[in-house]
Amino acid sequence: MKDTEIEKLRDKEIEKHQSLIRSLATLENFEYSSKPSAFNSNIQTRITIKNIVCGLFGFQYYLLFDHSNLSYPPDILLNSDTDFHLSLADIPTLIRWDQPQSLLNTLNIIKSFFVQHQLRRILDLGIYKLSFELDLLDQSSLEALLQTTDEGIIVYIQVPFKSTQIGKYSSIRFDFYISPFKDSIERVETNFNWVGDPLPKTKIPPYKSTVTIMDYIADLELSVDELIRQASLRSQIAEKKLEIRKQLLMILSKKYEKYLLEYDDDTFTFLSLYVIMATPLPTSGREEILGASIVNIHLSTDYPDIGPVVTLSSPIHFNPPDSYYPATRELKFTYNATDSPKTTIENIRYKI
């Protein structure tokens, strides 16, 4: 084989390897960093992988690639300060490394072994509540982590739950704080990891330790579905009301375009007009001289259930003789929630 052909094959191998490394950036629940080979600074051969378990840092290990044979599977080096051990013979993807998903599958297999190791550590605590809960749950779908902190031992168990309303899985993490004597649970806290917009925690049924996690998840899925259904309904109503407000302001802005000062083109809750008008005095009923006034029309987000608030502001009308500041008066007019936008506008115009 000619040298140029060898170089082309080598370049192709390097590009494939670099693409493989870049693909790590798209993975969830993994963090990575890379270092170049001492023999070729353009090739990343030492990859640090941080596994995120239960939303927390779980453990770290290294993938070591041979710079001269990048198509070969990497060596795997675990941190020496962990009691988690791994046999490469347990990772079949290392044997079939030429498969497109070999790297991703390898990372997932290592993580699953780590979670199994954490489950064994949790069971070794000998706390009946934890053993009973784990026996009921599908351990293939959950994540578990045991950490020793300044507060003592904390056991994290993260369980997925599904909403039929959105068809996707979110998860809830149960944080079990173990007593200093390691024989009981002092308290349990919950943390949600939502897919999509989070629901207010105040509306989520609280977890009680007297209920099994499995039963709580079943109740939670029903509650979440109902909350999402209600939120969706409120969103539809809000969108409909937004469209009605928009319709009213658009008619006003076009009908009185030459008087238009400004209007809210985002939430459609405000419009302002500049008009020349005569206003009756509150005592005599006589009309004052013509003067400039600002007509402000405010729409509640609950319009048409709540009618518009119309105010007139003028430096000439309404204010006491010794004041030079514009005064404001609210305009009272006939309004019914069933009125069409055109009827509402006519009632406002008539009063003005």
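The values are calculated or read from the model by the stated rules, or taken from the named source; none is laboratory data. All values derive from a computational prediction rather than experimental measurement. Neighbour counts are summed over all protein chains in view; Cβ atoms, including those assigned to glycine, are modelled from backbone coordinates with ideal geometry. Keep in mind that these areas ignore ligands, DNA and RNA; they rest on the heavy atoms of the full protein, side chains included. Shrake-Rupley method; radii C 1.70, N 1.55, O 1.52, S 1.80 Å.
Among the residues making up segment 130-146, those that are touching a strand residue (DSSP E or B) at 6+ places or on another chain (Cβ under 7 Å) and farther than 16 Å from Thr190 by Cα are Leu137, Ser141. Remark: pairs (first residue in segment 91-112, within 18 Å of Lys16 (Cα to Cα); second residue open to solvent by 30 Å² or more (accessible area, probe 1.4 Å) and modelled with pLDDT of 85 or more; Cβ separation under 6 Å; 6+ apart in sequence or on different chains) = Thr93/Asn105; Leu94/Pro73; Trp97/Pro73.
With the requirement that a residue be more than 19 Å from Leu220 (Cα to Cα) and open to solvent by 60 Å² or more (accessible area, probe 1.4 Å), what does segment 127-138 give you? Once the filter is applied, which keeps residues that are more than 19 Å from Leu220 (Cα to Cα) and open to solvent by 60 Å² or more (accessible area, probe 1.4 Å), segment 127-138 yields Tyr128, Phe132, Asp135. Within segment 224-233, being touching a residue at least 40 places away in the same chain (Cβ under 8 Å) and surrounded by 16 or more Cβ atoms within 10 Å (Cβ to Cβ) holds for Val224, Ile228. Contact map, segment 204-223: first residue modelled with pLDDT of 85 or more, second residue assigned to a helix (DSSP H, G or I), Cβ cut-off under 7 Å, separation 6 or more or different chains; pairs are Tyr207/Tyr216; Thr212/Glu133; Thr212/Leu136; Ile213/Glu133; Met214/Leu136.
Pull up segment 47-66, narrow it to residues that are open to solvent by 60 Å² or more (accessible area, probe 1.4 Å) and at pLDDT 90 or above, then point me to the one that is nearest to the chain's Cα centre (by Cα). Spell out the reasoning first.
Looking only at segment 47-66, we keep the residues that are open to solvent by 60 Å² or more (accessible area, probe 1.4 Å), and these are 50, 57, 66.
Add one more test, that the residue is at pLDDT 90 or above, and what stays is 50, 57.
Working: Lys50: 23, Phe57: 21 Å.
Restricting to residues being open to solvent by 60 Å² or more (accessible area, probe 1.4 Å) and at pLDDT 90 or above, the top hit is Phe57.
Annotation note: Cβ proximity below 9 Å between a residue of segment 245-256 that is closer than 15 Å to Asn347 by Cα and a residue that is of a type in the set (Phe, Trp, Tyr) and open to solvent by 40 Å² or more (accessible area, probe 1.4 Å) (sequence gap 6+ or interchain) occurs for Leu249/Tyr263; Leu249/Phe270; Leu252/Tyr263.
Filter segment 148-169 down to residues that are surrounded by 18 or more Cβ atoms within 10 Å (Cβ to Cβ) and in contact (Cβ under 8 Å) with a residue 40 or more places away in the chain and give me whichever is nearest to Asp215 (Cα to Cα).
At the first step, the residues of segment 148-169 found to be surrounded by 18 or more Cβ atoms within 10 Å (Cβ to Cβ) are 153, 155-159, 163.
From the residues that got through so far, the ones that are in contact (Cβ under 8 Å) with a residue 40 or more places away in the chain too are 156-159, 163.
Numbers: Tyr156: 18, Ile157: 15, Gln158: 15, Val159: 12, Ser163: 15 Å.
Here the answer is Val159.
Please tell me if Ser300 is among the hydroxyl-bearing types (Ser, Thr, Tyr), at pLDDT 75 or above and either closer than 17 Å to Lys255 by Cβ or open to solvent by less than 50 Å² (accessible area, probe 1.4 Å) (or both). Judged against the criteria, Ser300 is a match. Here Ala144 meets each of (1) more than 30 Å from Asn40 (Cα to Cα); (2) without any contact (Cβ under 8 Å) to a residue 24 or more places away in the chain; (3) open to solvent by less than 20 Å² (accessible area, probe 1.4 Å) with one exception, condition (2). Within segment 329-340, the set of residues being surrounded by 13 or more Cβ atoms within 10 Å (Cβ to Cβ), at pLDDT below 85 and either out of contact with any helix residue (DSSP H, G or I) (no Cβ under 6 Å at 6 or more places or on another chain) or outside any loop (DSSP other than H, G, I, E, B) (or both) comprises Arg329, Leu331.
Hey, among Asp98, Asp75, Asp124, Asp175, which residue is charged (D, E, K, R) and within 31 Å of the chain's Cα centre (by Cα)? Lay out the reasoning, then the answer.
Working: Asp98 fails: within 31 Å of the chain's Cα centre (by Cα); Asp75 fails: within 31 Å of the chain's Cα centre (by Cα); Asp124 fails: within 31 Å of the chain's Cα centre (by Cα).
Answer to the selection: Asp175.
Restricting Asn69, Asn42 to those that are without any contact (Cβ under 8 Å) to a residue 12 or more places away in the chain and either open to solvent by 40 Å² or more (accessible area, probe 1.4 Å) or within 30 Å of the chain's Cα centre (by Cα) (or both) reduces the list to Asn69.
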